[in-house]
Amino acid sequence: MTTSKPQQKQAELTEFYQQYSADEDQDRTNVHYEQPVEFFYAITGGKWNVYSCNLWDVPGVHDDTTSQEAKLDRFAQLVDLKPGQRILDVGCGWGGPLTYLCQKYGVEGVGLTLSPKQLAAAQERIAGAGVNAQVQVCHWQNYTDDRPFDLVYTDEVIVHFFDLGGFFAKAYALLKDGGRMLNKELHYVHPRYSQMNRAISHINEIYGFTGNYRPLAEEFRLVNEAGFDLKAIEEIPMSQYSKTVTSWLNNMDTHRAELESMVGKEYYHRFKVYLRIIMRTFIEGKMTLDMIVSQKPAA
Ligand SMILES: C[S@@+](CC[C@H](N)C(=O)[O-])C[C@H]1O[C@@H](n2cnc3c(N)ncnc32)[C@H](O)[C@@H]1O
């Protein structure tokens, strides 16, 4: 059945789980990610410009950089990252997490993004750090590689994937036997909450209506259906997201004039409203934030 344009527009506003082609996914997510790199760098702050929840209640964490590193160190521990391993960061942003992991843990990596601006920023960062990593503008559906990976990971990226089962099957095919997959994402605590309302629609619009939030149980089912064994599930308290977003809001205030001149007053305001809405959503108790580690069985 084909959907007419006005019907589709209406559906976007009222429902998650819209299926688009790979090209349309790119156009839609880039409404957001092709905003100026400097806009996101000022807001995310720190050395690695991580655009996802970081960890604050960890000894030694006192600012954006250390909170970003604490989260990435937790990833490394959860998957037992070892020097010489090869990792794939699907949805690598501006390359900060991949660069950090390559530098600190002596691994080599590949990053995928849909945004040419993110690609250029990531390449500059990787060259500056002198780590063994490459980044490509490539939808995960179109990525192929002759060399298998030890780890495939996503950090608040699978929300953009309509075909999550297809993504897990792709990750499985790209991994070595015994290789691991790590996905960090927000999950509804019950399917009844996956209803759109005005606030959630505002969040979804920021990302070009590519939202696919799911209950955790659905993700587990898809992980198993792709052939993976579930190895570890670790919840990140929502307080950590509130602290992350509070820091982003403070950074917006500090750099207000500069940010408004980059993207205009209206977009600056819309982005701030978006951050305030997600803060509210987090304290409603309808979502959890979880890291799921799974493993391709050894041959
Ligand atoms: C919220 S950002 C997260 C960036 C990074 N993981 C971090 O934590 O800082 C989402 C990223 O996913 C990428 N992305 C979204 N859909 C994608 C797809 N289908 N294939 C590859 N990358 C995708 C975007 O281009 C962006 O880089």
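Restricting to region 74-90, count the residues that are out of contact with any helix residue (DSSP H, G or I) (no Cβ under 7 Å at 6 or more places or on another chain) and over 14 Å from Ile236 (Cα atoms).
Matching residues across region 74-90 total 7.
So how many residues does region 164-188 have that are acidic (Asp, Glu) and away from the ligand (no atom under 12 Å from the Cβ)?
Number satisfying all stated conditions: 1.
Just give me the residues in region 8-62 being modelled with pLDDT of 95 or more, more than 22 Å from Val263 (Cα to Cα) and away from the ligand (no atom under 15 Å from the Cβ), in sequence order.
If the condition is that a residue be modelled with pLDDT of 95 or more, more than 22 Å from Val263 (Cα to Cα) and away from the ligand (no atom under 15 Å from the Cβ), then Trp56, Asp57, Val58, Pro59, Gly60, Val61, His62 are the ones that fit.
Any residue that is more than 20 Å from the chain's Cα centre (by Cα), aromatic (Phe, Trp, Tyr) and outside any helix (DSSP H, G or I) - is there at least one of those in region 256-268?
Checked region 256-268: no residue is more than 20 Å from the chain's Cα centre (by Cα), aromatic (Phe, Trp, Tyr) and outside any helix (DSSP H, G or I).
Restricting to region 34-54, name every residue that is part of a helix (DSSP H, G or I) and either of a type in the set (Lys, Arg) or touching a helix residue (DSSP H, G or I) at 6+ places or on another chain (Cβ under 7 Å) (or both). Spell out the reasoning first.
Step one: list which residues in region 34-54 are part of a helix (DSSP H, G or I), which gives 37-44.
Result: Val37, Glu38, Phe39, Ala42, Ile43, Thr44.
Look at Leu182 and say whether it is in contact with a Gly (Cβ under 7 Å, 6 or more places away or on another chain) and within 16 Å of Asp229 (Cβ to Cβ).
Numbers: in contact with a Gly (Cβ under 7 Å, 6 or more places away or on another chain): no; within 16 Å of Asp229 (Cβ to Cβ): yes.
Against the criterion (in contact with a Gly (Cβ under 7 Å, 6 or more places away or on another chain) and within 16 Å of Asp229 (Cβ to Cβ)), Leu182 does not qualify.
Quickly run through region 101-141 and pick out the residues that are buried (at least 24 other Cβ atoms within 10 Å of the Cβ) and of a type in the set (Phe, Trp, Tyr).
Listed by number, the list holds a single entry, Trp140.
Count, please, the residues in region 153-171 that happen to be farther than 15 Å from Gly93 by Cα and crowded, with 18+ Cβ neighbours inside 10 Å.
Of all residues in region 153-171, those farther than 15 Å from Gly93 by Cα come to 161-171.
Next, only the ones that are crowded, with 18+ Cβ neighbours inside 10 Å stay: 161, 164, 167-168, 170-171.
Number of matching residues: 6.
Could you figure out which of (1) at positive phi; (2) assigned to a helix (DSSP H, G or I) isn't true of Phe209?
Only one criterion in (1) at positive phi; (2) assigned to a helix (DSSP H, G or I) is unmet by Phe209, namely (2).
For Leu230, state whether it is surrounded by 15 or more Cβ atoms within 10 Å (Cβ to Cβ) and touching a residue at least 24 places away in the same chain (Cβ under 8 Å).
no
Which ones in region 34-64 are more than 16 Å from Met252 (Cβ to Cβ) and surrounded by fewer than 18 Cβ atoms within 10 Å (Cβ to Cβ)?
Hits for region 34-64 are Glu34, Lys47, Asp57, Val58, Pro59, Gly60, His62, Asp63.
The values are calculated or read from the model by the stated rules, or taken from the named source; none is laboratory data. Computed from a predicted model, the values in this text were never measured in an experiment. All Cβ positions, glycine included, derive from the backbone under ideal geometry; neighbour counts span all protein chains shown.
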